1. Of the numbered conditions (1) open to solvent by less than 20 Å² (accessible area, probe 1.4 Å); (2) polar (S, T, N, Q); (3) closer than 19 Å to E191 by Cβ, Q10 fails exactly one; give the number of that condition.
2. Among the residues of region 107-141 satisfying the criterion of being within 22 Å of the chain's Cα centre (by Cα) and of a type in the set (D, E, K, R), which is nearest to V69 (Cα to Cα)?
3. Taking only region 94-108 into account, find how many residues are more than 30 Å from Q194 (Cα to Cα) and touching a Gly at 6+ places or on another chain (Cβ under 6 Å).
4. So in region 29-48, with the set limited to residues that are within 18 Å of V63 (Cβ to Cβ) and charged (D, E, K, R), which one is least open to solvent (accessible area, probe 1.4 Å)?
5. Which residue, of K34, K21, is in a loop (DSSP other than H, G, I, E, B) and under 28 Å from H195 (Cβ atoms)?
6. I'd like the residue in region 72-93 that is closer than 21 Å to N20 by Cα and basic (K, R) and, out of all such residues, is nearest to the chain's Cα centre (by Cα).
7. For region 163-184, which positions are within 16 Å of K18 (Cα to Cα) and assigned to a strand (DSSP E or B)?
8. Would you point out which residue out of T124, T143 is free of Cβ contacts under 8 Å to residues at least 60 places away in the same chain, open to solvent by less than 80 Å² (accessible area, probe 1.4 Å), under 22 Å from G13 (Cα atoms) and among the polar types (S, T, N, Q)?
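The values are calculated or read from the model by the stated rules, or taken from the named source; none is laboratory data. Computed from a prediction, not measured in an experiment: that's the story for all the values here. In this analysis, Cβ positions are derived from the backbone assuming ideal geometry, glycine residues included, and neighbour counts consider all displayed protein chains. Surface accessibility is based on the protein's heavy atoms, side chains included, excluding ligands, DNA and RNA. Shrake-Rupley method; radii C 1.70, N 1.55, O 1.52, S 1.80 Å.
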Amino acid sequence: MKIFIINGGQNFGHSGGKFNKTLTDLDEAFFTQKNGFELKVTDINEAYNPLEEVEKYLWADVVIYHFPVWWFSMPYKLKEYIDLVFSEGHKSGMYYSDGRKEYNPDINYGTGGGLQGKKYMVTTTWNAPETAFTLPNEFFDETNVDDGVLFGFHKMNAFLSLERINGMHFHDLEKNVTQERIDRYKKMYAEHLQHAFEQKTAINV
């Protein structure tokens, strides 16, 4: 199985992107040739060629995104990456059109993707605690990350015809972060990979 990782962690202001790098390191320990995988990784902080990034999407069976949520969206370098690479991918295999036909333009929007049969997974990191999404009268009105802040992100991938694999979201990693929390999250993610990709190989975390 061919895996393409996009590390969208960004070093800016008081965000160092460290936990997103930790997740990418766990990926690299898991998605090995020994375990039956081929792996390619892009770090958005490093120089890249948009056409080569399109080729990675076309090559991969699964695309995995890691990024911190900044102001309820993705960091600006990841957004720039998406804009550049997806524009390069138009009629180059990623998508061909918005899916509509001139004779009936009111239907079938979002059905012009070219990545049928491929999947994606996303993790996000937050300062916000998990309770901000689950408790009544808290900030996110009892709306979870995937149905709320990431709704557009999931539709973006669906536009390419990518199928979603459930990911993970990691909370309270700034104001209330502890080593115990980090260690627990690392263990949870390692177990998630084993479950999501049906592997029995353990990762030392």
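1. Among (1) open to solvent by less than 20 Å² (accessible area, probe 1.4 Å); (2) polar (S, T, N, Q); (3) closer than 19 Å to E191 by Cβ, the lone unmet condition for Q10 is (3).
2. E130
3. 6
4. Filtering first and then ranking leaves D43.
5. It is K34.
6. Per the stated criteria, the residue is K79.
7. Hits for region 163-184 are H169, F170.
8. Of the residues listed, the single one that is free of Cβ contacts under 8 Å to residues at least 60 places away in the same chain, open to solvent by less than 80 Å² (accessible area, probe 1.4 Å), under 22 Å from G13 (Cα atoms) and among the polar types (S, T, N, Q) is T124.
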